[in-house]
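Note sheet for the following structure.
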Amino acid sequence: MRRPINFVLAFTLFSTLSHAETVKIYSAASLTNAITDIAKVYEKQNPEIKIVPVFGASSALAKQIEAGAPSDIFFSADQDWMNYLVQKQKIQHNQVKPFLFNQLVLISPVQSKQQFKAVPQFNFAQSFQGRLCTGQMESVPAGKYAKQSLIKLNWLDSLNGRIVGTDDVRSALAFVERGECQVGIVYKTDALISKKVKISGVFPRISHQPIVYPIALTKQGQNNPSAVKFNQYLKENPQAKKILLQYGFTL
């Protein structure tokens with residue numbers, strides 16, 4: 001009779017240890033390359049810990065966490081969705097740390113002769129043919145920043161019917177890479193990873209809210225020693241910071 005009980009206890013212990021050694025980080029799509037590289041370096045240094053990244057729009061990730069998806073760390077591309085999870089009591093306010101900054105840029109295919117001047121007098125709508133891609137303007141952070149800039153420059157109304165809202169910023173980049181959109185509004189860090197697009201212009205910082213990336217342990221993550229350790233590594237380790245800087249983020 002004792003053997004089945006011991007087996008159950010051993011299985012339970014194994015499951016607990018397996019969970020403790022796994023860190024699930026929900027991270028903005030624009031961080032895909034940087035977090036993937038950091039995770040590889042970290043796992044090599046800490047083979048007992050497995051980093052499981054989930055990438056997507058901060059809006060979609062926040063909704064998944066709210067719905068109960070297992071998550072240890074949330075790395076958002078804007079403060080609004082971090083605040084959302086604080087309000088939903090999935091993250092404690094004292095865990096939130098503004099960590100990275102980014103820039104908003106206009107991209108076009110490398111062979112394009114796109115002109116761009118970030119002033120209201122510039123006729124942006126007539127400077128390109130076809131459509132403009134960016135994140136969904138009501139939810140995806142990149143799209144929200146893009147909308148703010150287009151309104152500030154008084155360009156939004158003239159683009160009626162020509163804006164394609166994508167599920168996340170990397171999708172907007174892909175549309176421009178494939179030529180399905182003539183221009184796109186993405187982050188500088190997204191533009192830098194692509195050989196198929198170029199930066200045609202930079203939106204002034206005063207035209208949109210600061211592009212801040214906050215990071216925080218979720219309530220689940222606070223109880224996961226491995227998550228606490230990796231969260232600290234992301235924020236403090238010189239090698240992790242170096243990788244983030246290499247991809248164009250600023251601290």
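The values are calculated or read from the model by the stated rules, or taken from the named source; none is laboratory data. As the structure is a computational prediction, the values presented were derived from the model and not from experiment. Backbone-built Cβ (ideal geometry, glycine too); neighbour counts: all protein chains shown. Just so you know, the surface numbers come from the protein's heavy atoms only, side chains and all, with ligands and any DNA or RNA stripped out. Shrake-Rupley method; radii C 1.70, N 1.55, O 1.52, S 1.80 Å.
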Ile211 vs. criteria aliphatic (A, V, I, L, M) and in contact (Cβ under 8 Å) with a residue 60 or more places away in the chain: yes
Flag if Lys229 is outside the structural domain of Val110 (by the TED database), under 21 Å from Asn83 (Cα atoms) and surrounded by fewer than 16 Cβ atoms within 10 Å (Cβ to Cβ): no
Residue match in segment 99-112 (condition: among the hydrophobic types (A, V, I, L, M, F, W, C), free of Cβ contacts under 8 Å to residues at least 60 places away in the same chain and open to solvent by less than 70 Å² (accessible area, probe 1.4 Å)): no
Selection count, segment 149-175, where residues are hydrophobic (A, V, I, L, M, F, W, C) and in a helix (DSSP H, G or I): 8
Helices (runs of 4 or more DSSP H) wholly inside segment 186-248 containing at least 1 residues that are under 15 Å from Tyr145 (Cα atoms): 188-192
Some residue of segment 72-85 being more than 14 Å from the chain's Cα centre (by Cα), of a type in the set (S, T, N, Q) and in the same structural domain as Thr166 (by the TED database): no
Residues located in segment 140-182, provided they are under 18 Å from Pro120 (Cα atoms) and aliphatic (A, V, I, L, M): Ala146, Leu150, Ile151, Leu153, Leu156, Leu159
Number of the condition not met by Ile199 [criteria: (1) touching an Asp or Glu at 6+ places or on another chain (Cβ under 6 Å); (2) over 30 Å from Ser71 (Cα atoms); (3) hydrophobic (A, V, I, L, M, F, W, C)]: (1)
Candidates Gln136, Gln89, Gln79, filtered to the one that is open to solvent by 40 Å² or more (accessible area, probe 1.4 Å), over 28 Å from Leu159 (Cα atoms) and in contact (Cβ under 8 Å) with a residue 60 or more places away in the chain: Gln89
